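All remarks here apply to the structure that follows.
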Amino acid sequence: MQKIKSLLEAQREFATQGKCERYLAKVRWQNGVTCPRCGSKDVTYMDSRNKWQCSCRYQFSVTAGTIFHKTHVGLPRWMVAVWLMCHSPKGVSSKQLQRTLGVTYKTAWYMAKRIRRAMRHDVFEDLLCGIIEVDDAVVRASGDGTPSGHVKFEGKNVLGVAERGGLLRMFTLEDLKAKSIKRVIAKNLGAVQEIYSDAASRLFFLAEFGHHQSVAHAYDEYVLGDAHVNTIENAWSLFKRGLIGIYHHVSAKCLQEYLDEFAFRYSHRHEKPRLMDLVLASC
Ligand SMILES: [Zn+2]
């Protein structure tokens, strides 16, 4: 909808349950109120109950079928949380959500996890097209099942695939063998013009997906004409800074969720006013 530029504006825009409900209804049902059960538009609003009744007799509120449904938190806090997570380039910690929203840490953690799920890469089915960069990295994650008070770190393999100037996706991988990388690439690429990567031999198969050119990082070669992976390199460094500065540590088990959240925000960095609406529509 309209552009909300600051936290203060967000708090004002989403000050009451009623304001939030109207905003959510506009985003969810851009082509008119639709029954979440049968998809019919033959619905009647019941003023006294603040709900719609469908011709299939199902009654529903604006939050029906969303992550906000029947939670004790109330829409004003949810909406501000979504706004914050969409507009903080490096992310927002549960601790910061707790302070800003005035909820318990447990609630803040739960809210962030739910919102993060609405940013999942498999929610969005668009294939990456045009000029593609592929690069892998190792991200420091805390291992699972470590006793409290002692955090043991391990390196996790991650693969990044980016459209230059467009979408970005990041994936955790068990290993960085050609077979594992290829599986991810095949699922996410559409019509490719050029594909750029590091000169590692395990990436030679990329030529099957488009005209492939590589730069030899091992020999300090980073840019060769148009061939470079700077888009992903920049994304890695922003992501890693967020990991250290905002979240301190993320468990290996949750790493994919954080990668999805980051990649979602990064992918839509040029269309910030739409960002929150995209999330709300998939909540
Ligand atoms: Zn219905």
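Filter the stretch 18-38 down to the residues that are among the hydrophobic types (A, V, I, L, M, F, W, C) and near the ligand (Cβ under 9 Å from one of its atoms) and list them by number. Break it down into steps so the answer makes sense when it comes.
The initial filter retains those residues of the stretch 18-38 that are among the hydrophobic types (A, V, I, L, M, F, W, C), namely 20, 24-25, 27, 29, 33, 35, 38.
Passing the criteria: Cys35, Cys38.
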I need every pair where a residue in the stretch 32-57 that is within 20 Å of Gly18 (Cβ to Cβ) and modelled with pLDDT under 95 has its Cβ under 8 Å from the Cβ of a residue that is more than 12 Å from the ligand (Cβ to nearest atom) and of a type in the set (Gly, Ala, Ser), sequence separation at least 6 or different chains. Asn50/Ser61
Of all residues in the stretch 3-31, which are part of a loop (DSSP other than H, G, I, E, B) and either at pLDDT 95 or above or within 20 Å of Ala281 (Cβ to Cβ) (or both)? Lys3, Ile4, Phe14, Ala15, Thr16, Trp29, Gln30, Asn31
For the stretch 19-38, check the following and say yes or no: at least one residue is more than 27 Å from the chain's Cα centre (by Cα), farther than 26 Å from Arg274 by Cα and surrounded by 11 or more Cβ atoms within 10 Å (Cβ to Cβ). yes
The stretch 9-18, residues that are touching a residue at least 60 places away in the same chain (Cβ under 8 Å) and open to solvent by less than 40 Å² (accessible area, probe 1.4 Å): Ala10, Phe14
Please determine whether any residue of the stretch 223-238 is closer than 25 Å to Met85 by Cα, touching a Phe, Trp or Tyr at 6+ places or on another chain (Cβ under 6 Å), assigned to a helix (DSSP H, G or I) and open to solvent by less than 40 Å² (accessible area, probe 1.4 Å). yes
Can you find, within the stretch 39-48, the residue that is farthest from Met79 (Cα to Cα) among those that are within 16 Å of the ligand (Cβ to nearest atom) and open to solvent by 80 Å² or more (accessible area, probe 1.4 Å)? Asp42
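Okay, residues lined up against (1) over 23 Å from Ile244 (Cβ atoms); (2) not aromatic (Phe, Trp, Tyr):
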residue	(1), (2)
Ser61	yes, yes
Gly74	yes, yes
Ala81	no, yes
Thr100	no, yes
Tyr105	no, no
Arg120	yes, yes
Which of the following residues is within 30 Å of His69 (Cα to Cα) and at pLDDT below 90: Leu278, Leu224? Leu278
Checking Val192 against (1) under 20 Å from Cys129 (Cβ atoms); (2) more than 26 Å from the chain's Cα centre (by Cα), which test does it fail? (2)
Could you grab me the full set of residues in the stretch 55-106 that are within 16 Å of the ligand (Cβ to nearest atom), of a type outside the set (Ser, Thr, Tyr), open to solvent by less than 70 Å² (accessible area, probe 1.4 Å) and in a loop (DSSP other than H, G, I, E, B)? Cys56, Val62, Ala64
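Say we look at the stretch 125-152 and pick out the residues that are open to solvent by less than 50 Å² (accessible area, probe 1.4 Å) and not in a strand (DSSP E or B); which of these is modelled with the highest pLDDT? Please lay out each step first, then the result.
Filtering the stretch 125-152 for residues open to solvent by less than 50 Å² (accessible area, probe 1.4 Å) gives 128, 130, 132-137, 139, 141-143, 146.
Now restrict to residues that are not in a strand (DSSP E or B): 143, 146.
Numbers: Gly143: 68, Thr146: 53.
Only one residue fits best here, namely Gly143.
Residues checked against (1) in a strand (DSSP E or B); (2) touching a residue at least 60 places away in the same chain (Cβ under 8 Å); (3) open to solvent by 40 Å² or more (accessible area, probe 1.4 Å):
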{"site": "Glu154", "(1), (2), (3)": "yes, yes, yes"}
{"site": "Lys179", "(1), (2), (3)": "no, no, yes"}
{"site": "Arg183", "(1), (2), (3)": "no, no, yes"}
{"site": "Gln193", "(1), (2), (3)": "yes, yes, yes"}
{"site": "Arg202", "(1), (2), (3)": "no, no, yes"}
{"site": "Leu206", "(1), (2), (3)": "no, yes, no"}
Which residue pairs have Cβ atoms closer than 9 Å, lie 6 or more positions apart in sequence or on different chains, and pair a first residue in the stretch 241-257 that is among the small types (Gly, Ala, Ser) with a second residue that is open to solvent by 60 Å² or more (accessible area, probe 1.4 Å)? Gly242/Pro89; Gly242/Lys90; Gly245/Lys90; Ser251/Asp144; Ala252/Asp144; Ala252/Glu154
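The values are calculated or read from the model by the stated rules, or taken from the named source; none is laboratory data. On a predicted model such as this, the values are computed, not experimentally measured, just so you know. Ideal geometry is used to build each Cβ from the backbone, glycine not excepted, and the neighbour counts take in all protein chains shown. Ligands, DNA and RNA are excluded from the accessible area calculation, which covers all protein heavy atoms including side chains. Shrake-Rupley method; radii C 1.70, N 1.55, O 1.52, S 1.80 Å.
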